Amino acid sequence: MDDLTRLFDLARILEQRLTMSVESKPDESPLPRSKVEDVKETSRALRGSIAEELAAAEDHFSEGNANLLKFHGTYQQQDRDARKTRRGEGLGKHYLFMVRCKIPGGRVTADQYLGLDELAAKLANGTLRITSRQGIQFHGVLKGNLKATIAGINATLLTTLGACGDVERNVMASPAPLCGGVHAELQATAALLASELAPRTGSYHEIWLNGARVDHDNPGEDEPLYGKVYLPRKFKTGLALPEDNSVDVYAQDLGLLAIVENDRIAGYNVLVGGGMGMTHGNERTFPHLAQPICYVPAVDVVRMAEAVIRLFRDHGNRADRKRARIKYLVHDWGVARFRDVLTGYTGKPLTPPQSVPVTGFGLYHGWHPQGDGKWWYGISIESGRIKDEGSLRLRSCLRTLVERHRPELRLTPMQDILLCNLESSALADVESTLAAHGVHRPEEISNVRKYSLACPAIPTCGLAISESERALPGILDTLEAELKNLGLEDEVAGVRMTGCPNGCVRPYQSDIGIVGRSGDKYTLFVGGNTIGDRLNFELADLIPRSAIVSTLTPLLRRFKEERHRSEGFGDWCHRVGIEGVRSLLPAKASSATGH
């Protein structure tokens, strides 16, 4: 009787999956498939004619190959600062390349960091940039140096494959280097997911590593997970703990919120559909928080991730890249339908998610014991840019400390760096070395600056319509002075700024979001929070950069008067509501916004 029951159950599951495959085919679209889909399908597993164009004399790649280069970890860009000068001299565009390392969980050895630092000096613009996804980017690489840069990164045993493109990108995890326990489990899971979800194509090794084909179990012509056309758009995964949501788990395409029992990770709440990108003036695009779909035991987390990716591969929008992210499937279908379709990919019923909210957010600055007799030191790095400029010689400082103490390094989602595995005898030297190089200790930096993020924007990012990284320091200078004036200098308030609405540093969850709108004007958002479990809302549009702080000042003044105990600025804005905070705007800001 048991065998017969099992046969009936198997038949029922097969029937459900067959029915699901019929009822849940990708939504038919009257629009033709986007050109990028054709480029991917005919690319011969991401080869295109990259090798041929790499050897040619031209300083840039064709559009099709430029799209394929993203999968290999590099973006073709231009020096936008040089446009006017070159145009006046009768010269064309000055092409540059950004090269991105994929670093699961942000873990870097001392040798790897020193190798990357050397490459930045020889082949890039002399700076390193920590990304808001715990990676490292090189900027200003010329086409003639591109192969050497990517090969040099691989020589450190890091990779750029899949750091960009329509695949799983860098897998994030809480960076805290606590000995053993759940933090170590998160890091191990991030590394496993990154390995299992990586593209299998051999094209990367053929093009960038001595021209030699590397044989895999799969020869690279057929991707077992991604197929010939890969995913409809990029896919991002992050692992968080309820008490540490520094990865912004609700902003991930796939967020995995750890459920801890008896000091071990028993499983994860699976959150799907986060994403910050939108387009000004296109109401069909919007930021979206990941939604709880199910719970998965820790042992099954890789299979669950693969199931979500396969669903996205089969059902994502391949006609309109602006609506191709998985968040639009979750939004348009609703959680119930998404859950039903996902069941067809897992082959068994899903367990409902547990009721576990996020409660905290870690910066990990300064000195902390690791639990194994050693220490880590967290350094706040403005906008993640590691450079020597004037009296601030951060790049030289880090190189000195890494050469001297050989720490493991952890890159954080806040674009900071943790020097790990330090002996207690190193503490005094670390602080004296920071001081000698003009690097401020975290306690010397305001909270509003420590919790800030900015994207690179102009001069390199082709999507940027306004400044960000170069503009935010000046805005923070003014904001710090105003906060001090109001007696709010110790307030924790996140400010995140982007040069376009694509949302790379997740501005739509922060207390204050500043998003490039047009030239020197921005859209302001308020009402999010540090732990990242809700979206903010638009406060004012087309605000000149010089008027950003003065637009916020009436709100800050009222916040000081009306706040509840332990209420943050974003929480107060959320409680007062859209109309309440807009009623406080200066007349010019209200007029520009149309309220």
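Laboratory data are not the source of any read-out in this text; all were calculated from the coordinates shown. All figures in this text were calculated on a predicted structure; none of them were measured in a lab. Every residue, glycine among them, receives a Cβ derived from its backbone with ideal geometry; neighbour counts consider all protein chains shown.
State the antiparallel share, in %, of DSSP beta bridges confined to region 449-593, rounding to the nearest 5. Within region 449-593, antiparallel bridges account for around 65 percent of the total. Straight-distance candidates among the aspartates and glutamates for linking to Lys327, with alpha-carbon spacing under 13 Å and chain neighbours fewer than 8 residues away dropped: Asp253. Starting from the Kirkwood radius over alpha-carbon pairs of region 308-435, derive D by Stokes-Einstein at 20 °C in a medium of 1.002 mPa s and give it in µm² s⁻¹. Roughly 113 µm²/s, to the nearest whole number. Taking one quarter of the surface of the C-alpha convex hull of region 366-445 gives a mean projected area of 5.0 nm². For a straight C-alpha distance cut-off of 19 angstrom, the aspartates and glutamates reachable from Lys35 (same-chain residues fewer than eight places away being disregarded) are Asp27, Glu63, Asp166, Asp314, Asp320. Considering only Ala194, His205, Leu254, the residue lying farthest towards the positive end of the dipole of the chain is His205, judged by Cα position with unit charges set on Cβ. The phi-based Karplus calculation (6.51 cos²θ - 1.76 cosθ + 1.60; θ = phi - 60°) puts the 3J(HN,Hα) values of region 418-424 at 10, 8, 10, 6, 8, 6, 4 Hz, whole numbers, x for Gly and Pro. Of the beta bridges in the chain, as assigned by DSSP with both residues counted there, near 80 percent are antiparallel. Within the chain, helices built from complete DSSP H runs that reach 18 Å or longer along their own axis (Cα positions) and carry a mean Kyte-Doolittle hydropathy of -1.0 or higher are 2-23, 110-123, 181-196, 301-315, 472-485, 548-562. Rg then Dmax, both in Å and based on the Cα atoms of region 170-299: 17.5, 50.
If only the Cβ of Lys and Arg carry +1 and only the Cβ of Asp and Glu carry -1, the dipole of the chain around its Cα centre is close to 1380 debye. Bridges between two residues of region 159-301, per DSSP, are antiparallel at a rate of about 70%. Couplings for region 160-168, taken from phi via the Karplus curve 6.51 cos²θ - 1.76 cosθ + 1.60 with θ = phi - 60°, read 10, 4, x, 5, 9, x, 8, 8, 4 Hz in order; Gly and Pro are left as x. Annotation: peptides 303-316, 337-350, ranked by per-residue average of other Cβ atoms within 10 Å with the highest first, follow the order 303-316, 337-350. Our coupling estimate for region 376-385, obtained by passing each phi through the Karplus curve with A = 6.51, B = -1.76, C = 1.60 and θ = phi - 60°, is 10, 10, x, 10, 7, 10, 5, 6, x, 8 Hz, Gly and Pro reported as x. Considering only Trp376, Ala435, Gly390, the residue lying farthest towards the positive end of the dipole of region 366-445 is Gly390, judged by Cα position with unit charges set on Cβ.
Cross-link check: pairs Lys40/Lys147; Lys236/Lys521; Lys93/Lys234; Lys102/Lys387; Lys102/Lys122 evaluated at a Cα-Cα cut-off of 25 Å; pairs beyond the cut-off: Lys236/Lys521; Lys93/Lys234.
Backbone amide hydrogens, once placed in the peptide plane, bring Asn125 within less than 5 Å of His139, excluding anything fewer than 5 places away on its chain.
Restricting region 462-531 to GluC sites (Glu not before Pro) that sit in a DSSP loop and have at most 14 other Cβ atoms within 10 Å of their own Cβ leaves Glu489. In terms of the ratio Rg/(2.2 N^0.38 Å) built on C-alpha atoms, what value belongs to the chain? For the chain, the normalised Cα radius of gyration is 0.97.
Across all directions, the average projected area of the convex hull around the alpha carbons of region 449-593 is 7.7 nm². Estimated from helical segments only, the mean residue ellipticity of the chain at 222 nm is -10000 deg cm²/dmol, where each DSSP H run of four or more residues counts as -39500 (n - 2.57).
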